[in-house]
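See below for the structure under consideration.
The values are calculated or read from the model by the stated rules, or taken from the named source; none is laboratory data. What you see is a predicted model, and the numbers here were worked out from it, not measured in a lab. Don't worry about glycine lacking a Cβ; one is built from the backbone with ideal geometry, like all the others, and counts go over all protein chains shown. All accessible areas refer to the heavy atoms of the entire protein, side chains included, with ligands and DNA or RNA removed. Shrake-Rupley method; radii C 1.70, N 1.55, O 1.52, S 1.80 Å.
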Amino acid sequence: MEKKIVIIGAGVAGINAATKLVDNGYPGRLITIIDKGNDPHNRLPEEVMTGMLGAGGWSDGKLTYHTAIGGVLSKYCGEEKAMELMDQVISNFRRFHPKPEEIFCSDPQTEPDFIKPYFGLRLFPVWHIGSNYLHEIAKTWYQYLIDKGVNFMWGIEITNLNLANNWVNYIDGYGEKEAITYDTLIFAVGKSGIDFAQKLSNQYDLPTEPKSVQIGVRFEAPQKYFQKLIDISYDFKLYQKFDNVSLRSFCTNNNAAYVAVEKTYGDITYNGHAKKGEEFRNDMTNFGILMEIKGIENPFEWSREVVSKLQFRNIGLYYSPSRTPSKTSENESINTVQIFNLNQFKEVMGEYADYIINFIDQMNKVFEFGDDWGMYIPEVKYLSPEPLVDYTNLALTDYPNVHFVGDALSARGITVSGAQGIYVAENLL
């Protein structure tokens with residue numbers, strides 16, 4: 001019997017799931033994708049968090065190609081299958097790319113000696129899609145699914161899921177309360193929907209696996225200081241490990257590197273993205289410096305509280321010994337408040353502030369940027385407790401027709417999220 005499939009979230013997880021289904025003959029008319037953002041024709045460049053292809057597929061476009069990066073995948077399906085699923089995600093981006101010949105893979109092999117005394121350097125392949133092509137990819141991909149009969153519902157706020165009776169309650173664009181039924185639900189929300197995932201977990205008392213805290217800052221400096229490392233690894237991953245804290249650089253952007261504002265739970269946090277094209281070049285580098293902190297009781301709530309305290313009138317902070325905040329790619333001011341000492345940062349973060357400051361001091365010994373740097377406070381990856389799922393199909397143990405993928409299942413990257421969506425679709429087929 002053909003079943004009605006509802007996908008919540010039009011990010012890379014949900015879109016790859018739908019694509020796998022219709023590619024293999026599943027009727028598009030039985031698939032509905034719901035998202036609180038906009039379709040790719042009406043989604044503004046600065047609308048980073050919601051809409052077609054989510055955050056990573058709209059403003060990043062670097063597809064990591066390794067099972068140890070970007071969240072868990074191989075624990076569900078094994079190493080060989082995980083790589084095969086990631087190949088399918090990369091193939092989909094290539095398939096809808098206006099110039100697929102410009103996609104390239106960087107694959108650094110050797111850690112340089114100048115890094116070794118201070119940091120570890122994680123080396124892994126990355127497929128570079130080109131951030132300036134992402135919006136066209138989204139439009140072409142969207143049209144393909146429309147032509148296959150897939151139904152899209154944009155600008156929709158989900159208010160409740162009735163897992164026992166297969167209902168999705170929502171508010172439409174006119175403010176009216178509505179509902180839609182499903183036979184199969186794919187819960188594919190991105191970071192902006194993690195609060196809803198937490199609510200769902202509490203409401204149904206879902207068995208979960210607690211996750212670590214992931215919090216830090218977005219660091220920015222002129223690219224020239226990092227060029228010797230960029231030449232080896234474009235999306236470099238520096239890391240340090242201590243007893244209960246590990247630090248890593250995350251999501252490196254170069255050449256035309258811009259800081260992106262994210263608003264979650266009413267608070268502002270920061271991320272980064274890169275543009276492609278000489279008209280956008282600013283010769284800057286930015287990346288997150290993220291701490292993974294183990295042993296925090298109620299890590300999700302702890303992170304929420306810390307982020308709320310690192311605000312000034314609901315706006316995040318910027319600190320630099322010498323610089324002022326940069327502009328966005330649209331040449332607008334970044335929504336941030338400049339501070340001139342780190343007292344608030346240290347007071348809120350406590351001992352963990354010292355790890356970030358030490359990381360920057362150690363980088364300064366390697367890259368010698370002096371006072372020519374700044375950081376946007378905070379950057380955070382909200383990881384709500386991971387629901388326990390059936391490894392064969394990522395379905396909830398108590399609700400076998402409800403499948404969790406992407407950020408809702410603690411994925412932290414484009415490739416892993418898309419692969420999880422395809423994995424579920426293969427099982428449904």
How long are the semi-axes of the ellipsoid equivalent to region 290-345, from square roots of 5 times the Cα gyration tensor eigenvalues, in whole Å, largest first?
-> 26, 13, 12
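Report, to two decimal places, the Cα Rg of region 231-292 normalised by 2.2 N^0.38 Å (N = number of residues).
Against the empirical 2.2 N^0.38 Å value, I get 1.31 for region 231-292.
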Options His97, Leu53, Thr67, ranked by Cα towards positive dipole end of region 47-100, top entry (Cβ charges) | His97
When the C-alpha atoms of region 127-280 are aligned to their principal axes, what extent does each axis show, in angstrom, from largest down?
-> 57, 46, 27
If one computes the Cα centroid of region 369-429 and of region 240-271, what distance in Å separates the two points?
-> 17 Å
Taking θ as phi - 60°, what are the ³J(HN,Hα) couplings along region 161-167 by the Karplus curve (6.51, -1.76, 1.60), each to the nearest whole Hz, with x for Gly and Pro?
-> 10, 9, 5, 6, 10, 6, 10
To the nearest 10 degrees, how steeply does helix 414-428 sit against the main Cα axis of the chain, on a 0 to 90 scale?
-> 20 degrees
Measure of compaction for region 38-149 (Cα Rg per 2.2 N^0.38 Å) | 1.24
Enter the accessible area of Trp154 (Å², nearest 10), with the probe set to 1.4 Å and all protein chains included.
-> 50 Å²
In whole Å, how far is the Cα centre of region 21-60 from that of region 289-314?
-> 29 Å
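Rounded to the nearest 20 debye, what is the charge dipole size of the chain about its Cα centre when +1 sits on each Lys and Arg Cβ and -1 on each Asp and Glu Cβ?
Taking the Cα centre of the chain as origin, the dipole is about 240 debye.
Given charges of +1 on the Cβ of Lys and Arg and -1 on the Cβ of Asp and Glu, with all other atoms neutral, how large is the dipole of region 187-344 about its Cα centre, in debye to the nearest 20?
Details: 19 positive and 18 negative charges, 64 e Å.
Charge dipole of region 187-344: 300 debye, to the nearest 20.
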Out of every Cα-Cα pair in region 160-251, what percent are more than 21 Å apart?
-> 59 percent
Nearest-5 percent of antiparallel DSSP beta bridges in the chain?
-> 75 percent
Considering amide H positions built from the backbone, and no H for Pro or chain starts, which residues 5 or more places from Val213, or on another chain, come under 5 Å of its amide H?
-> Ile293, Ile296
Amide H contacts of Ile186 (H built 1.01 Å from N, under 5 Å, at least 5 apart or other chain) = Val6, Ile7, Ile8, His403
Size of charge dipole - region 96-161 - debye, nearest 20, with Cβ of Lys, Arg +1 and Asp, Glu -1, no other charges = 120 debye
Determine how many Å³ per residue the convex hull of the Cα atoms of region 1-99 encloses.
-> 133 Å³
Karplus couplings for region 38-50 from phi (6.51 cos²θ - 1.76 cosθ + 1.60, θ = phi - 60°), rounded to Hz, Gly and Pro as x?
-> 10, 5, x, 7, 10, 7, 6, x, 7, 7, 7, 8, 10
P(r) tail fraction, region 256-339 - alpha-carbon pairs more than 15 Å apart, % = 65 percent
Calculate what fraction, in whole %, of the accessible area of the chain sits on carbon and sulfur atoms when a 1.4 Å probe is rolled over the protein chains.
-> 46 percent
Per the Debye formula with a single identical scatterer at each Cα and no solvent contribution, what log10 I(q)/I(0) holds for region 349-429 at q = 0.12, 0.18, 0.19, 0.22 Å⁻¹?
-> -0.58, -0.79, -0.83, -0.99
Solvent-accessible area per residue, Å², over the chain with all protein chains present [probe radius 1.4 Å] | 40 Å²
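Considering just Cα atoms, how many Å³ per residue does the convex hull of region 90-165 enclose?
About 231 Å³ per residue, rounded to a whole number.
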Rounded to two decimals, the Rg over Rh value of region 251-393 from Cα coordinates and the Kirkwood Rh reads 0.99
For region 263-312, the percent of all C-alpha pairs falling in each 5 Å bin, from 0 up to the bin holding the max distance, is 4, 13, 19, 18, 15, 11, 9, 6, 3, 1
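Suppose we look only past 20 Å in the calculated P(r) of region 314-399. What percent of the Cα-Cα pairs does that tail hold? Mind dumping the intermediate values first?
On the way: 1944 of 3655 pairs.
Here the long-distance tail beyond 20 Å is 53 percent of all Cα pairs in region 314-399.
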Degrees separating the helix 194-203 axis from the principal Cα axis of the chain, which is the longest one | 50 degrees
Using the Kirkwood radius over Cα pairs, work out the Stokes-Einstein diffusion coefficient for the chain at 10 °C and 1.306 mPa s, in µm²/s as a whole number.
-> 72 µm²/s
